[in-house]
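The values are calculated or read from the model by the stated rules, or taken from the named source; none is laboratory data. The structure displayed is predicted, hence computed values, not measured ones. All Cβ positions, glycine included, derive from the backbone under ideal geometry; neighbour counts span all protein chains shown. Heavy atoms of the whole protein, side chains included, go into the accessibility calculation; ligands, DNA and RNA do not. Shrake-Rupley method; radii C 1.70, N 1.55, O 1.52, S 1.80 Å.
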Amino acid sequence: MREATADKLHIFVIMFLISLIMSIQAPIFTPYAAMIGASSVLVGIMLSAAQFANLVGNLIAGPLVDRFGKRIFITLPLLVSGSLFIFHGLVANTAELLLLRALNGFSLAFLIPAAMALLSGYAENSRQQGKNMAVNGILGTIASIIAPLIGGKLGVMFGYANSYFVIGSALIITAVYTTFFLKDRQAVTVNKRNQSLSLIQVLANPGLHVVFLTGFAVMYIHGVIIYEIPYLSVEKGLSTVTTGKMFSFMGIGTFFSLSLFFINRFAPVKRLIFGLFGMCMTLFALLNEWTTALTLLLFLMGFFFGVIMPAMATAVTDAVAREGHGRAFGVMSAVYSLGMIFSSFVTGLIREVISPYFIAFLIGMLVLSFVGYMKLRLPRSAHTKATPLR
């Protein structure tokens, strides 16, 4: 028992480090790309290309994680991604940055499904699953609070290029840590039962339709925020430290909602609907240019984001048997990537014509309406029982 607890602790440490290191670049990439010569449209294309590569990798990763184990698909992507981030600091033009961004998106695609599937194996029931996901969410949120501040400071102190050397080196060190301390305690079994849950079966699972639709809308909204807030440093001459602080307010909001453990008593789908509605209302306020309350609105956006993400993971594990967690989380990650692809690309194209917040609000409300309709139609058992593999 103690050994299992120690192994789970290492997973939490590794996922915290990953969240911390990856979030450091949030306030850096957009001004760095603009400095090299990328327009707002090209920045959107870069972000979309990375997410498209991530989507392709997610779909490939799911079956491989279920078949060959999780550990290798955590360690290897960290090594590759660390090297690619170092090369980010050596680019000479926007074409090289676009290529590196896409390659990095593909390499990281294997990381999250493997880590989430590995963590899900340390729970015997939905309540333990919710607790594990909440702890992981809290750690990730702490990382998201302090990481933008670190990223902003790095950008000011060392410059954008040198900041990517630091980020890449930190990921490589994390990969070394996983090599020595991370254990894949779940035996890899290749049999007919394990292979019977195909990608088509995951996509056809009615209990996952609500999750995937909500995940797309949430990540579209999240992508708009990630795109627009750093552009304040370009358009209004703000420092990366300031934009880093804004992202930290989102993280504080997420941390606050994750700390309210009583929320986990409610059904995952109810939390998804509540969180998405809250994000849409916050977008409505941003759409009406309540810039004087920007920090408060970002806090609320983070709060509702924190309500949704643990519920998303719990809903997936409730709807699919353990042998298919790798595939299910792979598809979920692919849906996240799809939302980010559309948000980055569309925002880059329309931001000079119409507010990206309006499009995000429209998409969020349409999905919210459809999810509510599906919840009324879907039998209660589809929300609470795992889909059999036979």
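Things worth noting here:
- A cut-off of 5 Å between modelled amide H atoms, ignoring neighbours fewer than 5 places along the same chain, links Val320 with Thr387.
- Taking θ as phi - 60° and the Karplus parameters 6.51, -1.76 and 1.60, the scalar couplings of the stretch 29-35 work out to 4, 4, x, 5, 5, 5, 5 Hz in sequence order, x denoting glycine and proline.
- Residue-normalised accessible area of the stretch 45-111, given per residue in Å² at a 1.4 Å probe: 40 Å²
- The listed residues Ile308, Ile45 rank as Ile45, Ile308 when sorted by accessible area, largest first, using a 1.4 Å probe.
- Model label sites at Gln201 and Ser369, defined 7 Å from Cα along the beta-carbon direction, differ in position by 3.6 nm.
- Remark: spin-label model distance Leu294-Ile146 equals 2.6 nm, labels positioned 7 Å along the Cα→Cβ axis.
- Beyond 29 Å in Cα-Cα separation lie the following of the pairs Lys131/Lys270; Lys8/Lys375; Lys153/Lys270: Lys8/Lys375; Lys153/Lys270.
- Extension gain for the segment Leu362 to Asn93, taken as residue separation times 0.36 nm less the Cα-Cα distance, is 93.3 nm to one decimal.
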